[in-house]
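One structure, pasted below without further comment.
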Amino acid sequence: MTEPAAYWPPFGLTLTTPHLQLRPIRDEDIPAAVEAARSGIHEPGRNPFSNRWTEAPPHELGTSMAQWYWRCRAGMNPKDWTLPLGIWRADDFIGCQDVVAQDFATLKTVTTGSWLRQSAQGRGLGKEMRAAVAMYAFDYLRAEVAESEAAAWNQQSLGVSRSLGYELNGVTRASWGGKAHDVQKVRLSPATFKRPAWQLKVEGHDATANFLGVPV
């Protein structure tokens with residue numbers, strides 16, 4: 001039988017850290033992703049996301065998550081791509097880390113966003129998975145900038161950013177879920193990146209890079 005990576009090369013990508021494995025979410029992974037999201041990501045009334053997807057009724061959440069993953073795959077091209085990476089600790093699906101780029105060949109910039117189920121928070125895993133995608137972006141994709149953002153009140157997320165060397169990059173005012181929020185932008189470069197002591201293991205990069213139009 002033909003492996004899925006033969007027709008969609010990112011399926012062959014795997015990033016391995018000391019405690020985690022990051023890889024693109026396949027259809028058979030979606031139920032685990034939905035279960036992780038339904039278990040709780042944040043406290044009620046403290047939604048950290050610009051898109052209020054976690055507030056969808058339980059019977060709608062799975063549909064919207066599946067549509068998101070399918071939409072990312074269908075729209076991926078060298079000029080505009082979103083790569084949703086599932087996060088596994090041993091055999092447990094614990095969250096997702098998205099890597100996004102537009103006109104990467106010119107801008108050499110990626111944007112990241114992520115979530116972790118509450119039971120996996122507070123253990124340093126959020127920092128580990130964000131370090132992994134920063135290392136992949138800088139060392140393999142040859143990105144020059146990695147950007148992210150968080151609500152100004154979300155000190156947990158901003159604390160992870162600071163610990164990795166992200167620098168503050170301005171505050172914007174945005175409507176999230178019909179409410180005004182101050183949004184803190186952050187920016188990371190290879191020069192400011194506080195690299196972890198461990199090494200990232202990467203499999204399946206060449207085929208993924210070719211698919212994204214990134215020189216190997």
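The values are calculated or read from the model by the stated rules, or taken from the named source; none is laboratory data. Just so you know, these numbers come straight off a predicted model, no measurement behind them. Positions of Cβ are generated from backbone atoms using ideal geometry, with glycine treated the same way; all protein chains shown enter the neighbour counts. These accessible areas exclude ligands, DNA and RNA; they are computed on the full protein's heavy atoms, side chains included. Shrake-Rupley method; radii C 1.70, N 1.55, O 1.52, S 1.80 Å.
Tell me, what % of the accessible area of segment 75-135 is carbon and sulfur with a 1.4 angstrom probe?
Values: 1140 of 2390 Å².
Carbon and sulfur: 48 percent of the exposed surface of segment 75-135.
Of 143, 153, 125, whose Cα points farthest to the positive end of the dipole of segment 124-189 (charges on the beta-carbon: +1 Lys, Arg; -1 Asp, Glu; origin at the Cα centre)?
153
Exactly which chymotrypsin sites (Phe, Trp or Tyr not before Pro) in segment 145-216 are in a DSSP loop and have at most 16 other Cβ atoms within 10 Å?
Answer by residue number: 153, 198.
Please list, in chain and number order, the residues 5+ apart from residue 114 or on another chain whose amide H is under 5 Å from its amide H, with Hs placed from the backbone.
Long-range HN contacts for residue 114: 98.
Looking at (1) 146; (2) 115; (3) 128, which value of volume of the Cα convex hull per residue in Å³ comes from a calculation on the structure shown?
(3)
Need the C-alpha centroid separation for segment 12-42 versus segment 174-216, integer Å.
17
Enumerate lysine pairs in the chain that are 8 or more residues apart or on different chains, then count those whose Cα atoms are under 28 Å apart.
So the count of such lysine pairs works out to 11.
Continuing with this model, one more query. Which value, in Å², gives the accessible area per residue of the chain when a 1.4 Å probe is used on the protein heavy atoms?
Values: 10940 Å² over 216 residues.
That works out to 51 Å² per residue.
Another question, then. Quick one: compute the contact order of the chain, relative version, from alpha carbon pairs under 8 angstrom and 6+ residues apart, as a percent.
24
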